[in-house]
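Nothing in this text is a laboratory measurement; each read-out follows from the coordinates by a stated rule. This is a predicted model, so every value here is computed, not measured. Cβ coordinates were reconstructed from backbone atoms using ideal geometry, including for glycine residues, and neighbour counts include every protein chain displayed.
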Amino acid sequence: MWSLSGISNIIHNWLNQQFSPLWALIIEMVIAGVCVIGLFAALGLVLVLMERKVSAWMQIRLGPNRVGPKGILQSLADTLKLLVKEGMTPGGADKFLFNLAPLVAMIVAMLLMAPIAFAKDFQLWDLNIGVLYISAVSSISVISILMAGWASNNKYSLMGAMRSGAQIVSYELSAGLAILSVVVLTGSLNLNEIILSQADGWWIFKGHIPMLIAFVIFIIAVTAETNRAPFDLAEAESELTAGFHTEYSGMKFALFFLAEYVNVFIVCAIGATLFLGGWMPFHIGHWESFNHVMDYIPSSIWFFGKTFFLIFVIMWFRWTFPRLRIDQLLNLEWKYLLPISMFNILLVTLMAILGWHF
Amino acid sequence: MVSSSRQCVFEKNEFLFNSHMVEEIGTTTEGDLIINVGPQHPATHGVLHLVITLNGETIKKVEPHLGYIHRSIEKMCESLTYRQFIYVTSRMDYLSAHINNHACALCVEKGMQIEIPERAKVIRVIMDELTRIASHELWWGAMAMDIGAFTPFFHAFRERETINDIMEETCGARLTMNYFVPGGLMADLHPDFQQKVKSFITLFKSKVDEYDELVTGNVIFRNRMKDVGILSKEDAISFGCSGPTARGSGVSCDIRKLYPYEVYDKVQFDEVLETAGDSLARYMVRLREMKQSVRIIEQLIDQIPEGDFQAKTKAVLKLPKGEFYTRVETARGEFGVYIVSEGGTTPYRIKFRSPGFSNLSALDHMARGSKLGDLVAMMGTLDLVIPDIDR
């Protein structure tokens, strides 16, 4: 069926016929870069609208319904508003760091898009250490928040940034261990190989209960890592007004906002890739005919379907749960999630050695 | 002896020292951070200003600064007649507008020795209890929002809207409602009133369990509320707390039970008491109080007697020379009206005892040693309405 691999192959062949290999590579890189920026903007618009519609649905409201049919142009109007707004820099702020912070947040989100396989054979960078790359790059996002909080010269921002620092550094451990359990089973850090290893069933089904635990821990940890409710202590608008981005306005605020949503997309995409098979259709062991039927659904739809399901789950958290307190947040990580995930990874390793998984 | 103790108080008045430092660097000499929560802050639900001394995330001191919405309502009342001044009180605790009006009407009636018709008494109680439910609904939503859950707010407003519709139909307003006058009620009930209130009760009873599902039973919520902001019974009494805030600490202080007015002595209802004194106890008191209010309305809604809705009063009301005091139970606690009359058409001096002011004074005591996030939760459970504190 139509997957996105055809398009990329056509473009690649056509460019190599028209230009020298070096120029073809450069043009391909530019196209990829433009695609990432386009995807970044499109994801931001779609996810903001989705968040507003999901929250409206949960709060017995209609949500945006004035701009465009059913309000689908609402986020476009919001972006336009943010673009023309004045981007203020407070007088006491460290101007360089203050303006750098939103860019860092955005660049990190963009970098994280590189190794994700959006469909079969449709990947920007097939990296042999994709999992390591994701863990490493996603840690940089905390620097942008710390930078924003520190440079704002605002006490609320500072507190939000410090909370966020403690939070992201702690939860990265659990997220890392949860990711590691997939790596242990697959024996590869390459995201494409991880997806291919799930051709006869997704890891969440193949890996018995330990993988289910790892998946739940992963979802909790990445919710905390992306500063989403119930772990939105860095923003905590009822305590810290807006936390680390209190002083940001206009497009600088919009970049933080976009980066948050794109980060949510990325962590959900990684969750879908590692535990739910990425673009791999729903396959069951040796049921050949069933698997064939499933293959008729395009791989991109599988990937985006799983990712958006996880995004919906994370939005569901946000609109139902109250916020945790800072000490409860750290207790949850260090006293519960970390010991459980450490024990869990031992179980997974045992399972991998003895070959108990399907 | 007197002067030396005063000297001592002055020296210990840390705030004079702190306020000087706030302008300079925002920290005390011990390196504590001072932050201003308010007057414009999402958690204060109004123009309350709290100067908080923080050690990291731990609160060392909370200092409420008042006066941002002071409209000198008490002074204004002195130039208004006894019929007019009641309406101003709707603007104090705007969520308990009817109950404030009720206290003023009761005080004038006490001074004039007006006996109001039975019908007016019953309707007053029903309106009071509807107001109480509406107020607690809004509190429930706002408190959930304080601790970071948005959705309950909309669920609370779904039921509150029904009450607002009833109020609009009965007295023409949805927020600053005026319906009680000295001598009874301003107008008779709308013919649909009973049927609408009954449909509200049906709706409320079907939805009240959702509140427990969405918020009360949530493990994050319980952890946030339990053993936080503890106010002991003795402290609650010494700070002059009243209403659900004091009843959460086990102080029996329901004016409706202790000094019944109107028909409260004829209806069956329980005074809700919790003994823990923490945020969760105050939360549970309010939640259970809503159910008791529904119970009161259920008993009265079919028993509204026929007859006049207003006693015959003189065109110009003149209170005899003397001092008059009445108190009622608003959604936030004990509300007192103290009128000094010189025998004229306007009060010589008027003083309102508002529940919010005393409840707020306990905040510093409760908040010391807890985290910043808990302060917001505590303020939520105190159910502060800023115009009620400042007047």
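Overview of results
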item: Values of log10 I(q)/I(0), in the order q = 0.09, 0.14 Å⁻¹, for the range B:238-391 under a Debye, Cα-only, solvent-free model; result: -0.39, -0.84
item: Helix-derived mean residue ellipticity, 222 nm - over chain A, DSSP H n ≥ 4, -39500 (n - 2.57), to 500; result: -22500 deg cm²/dmol
item: Directionally averaged projected area (convex hull, Cα atoms, the protein assembly as shown), nm²; result: 40.7 nm²
item: Listed residue (B:Gly184, B:Ile297, B:Tyr283) projecting farthest to the positive dipole end of the range B:73-390, Cβ model; result: B:Gly184
item: Per-peptide average of other Cβ atoms within 10 Å, ordering B:313-320, A:101-108 highest first; result: A:101-108, B:313-320
item: Shielding by partners, peptide A:314-321 (average Cβ within 10 angstrom, other chains); result: 3
item: Greater than 20 Å apart at Cα, pairs in B:Lys205/B:Lys257; B:Lys60/B:Lys371; B:Lys266/B:Lys291; result: B:Lys205/B:Lys257
item: Alpha-carbon spread of the range A:87-354, three principal axes, descending order, Å; result: 66, 38, 33
item: Kirkwood-based Rg to Rh ratio, the range A:95-156, C-alpha trace; result: 1.14
item: B:Val340-A:Arg66 FRET efficiency (beta carbon distance; Förster radius 60 Å; 0.05 resolution); result: 0.60
item: Inter-label distance for A:Ile129 and A:His208, nm, one decimal - labels placed 7 Å from Cα along Cα-to-Cβ; result: 3.2 nm
item: Candidates per GluC sites (Glu not before Pro) in the range B:215-309, loop by DSSP, up to 11 other Cβ within 10 Å; result: B:Glu306
item: Per DSSP, loop chymotrypsin sites (Phe, Trp or Tyr not before Pro) in the range A:90-186 with at most 14 further Cβ within 10 Å; result: A:Trp125
item: Choice from A:Lys81, A:Lys252, A:Lys206 showing the highest fluctuation, given a GNM over chain A with Cα pairs closer than 10 Å; result: A:Lys81
item: Lysine pair number, Cα distance threshold 21 Å (strictly under), chain A, separation 8 or more or different chains; result: 12
item: Average other protein chain Cβ within 10 Å of Cβ, residues B:215-222; result: 3
item: Chain B - mean residue ellipticity at 222 nm from DSSP helices (-39,500 (n - 2.57) per run, n ≥ 4, rounded to 500); result: -15000 deg cm²/dmol
item: Options B:Pro117, B:Ala134, A:Thr226, ranked by Cα towards positive dipole end of the protein assembly as shown, top entry (Cβ charges); result: B:Pro117
item: Packing-based order for A:83-93, B:153-163, A:343-353, using average beta carbon neighbours within 10 Å, highest first; result: B:153-163, A:343-353, A:83-93
item: Stretchable slack from A:Leu97 to A:Asp121, in nm (0.36 nm times residue separation minus alpha-carbon distance); result: 4.7 nm
item: Principal semi-axes in Å for the range B:65-181 [√(5λ), Cα gyration tensor, largest first]; result: 28, 20, 11
item: Within 10 Å of each Cβ in B:139-152, the average number of Cβ atoms from other chains; result: 5
item: Sites matching GluC sites (Glu not before Pro) across the range B:313-386 that sit in DSSP coil, with at most 15 neighbouring C-beta atoms within 10 Å; result: B:Glu342
item: Per-peptide average of other Cβ atoms within 10 Å, ordering B:164-172, B:65-73, B:139-147 highest first; result: B:139-147, B:164-172, B:65-73
item: Gaussian network model of chain A, springs between alpha carbon atoms under 10 Å - residue of A:Val67, A:Val313, A:Val142 with greatest fluctuation; result: A:Val67
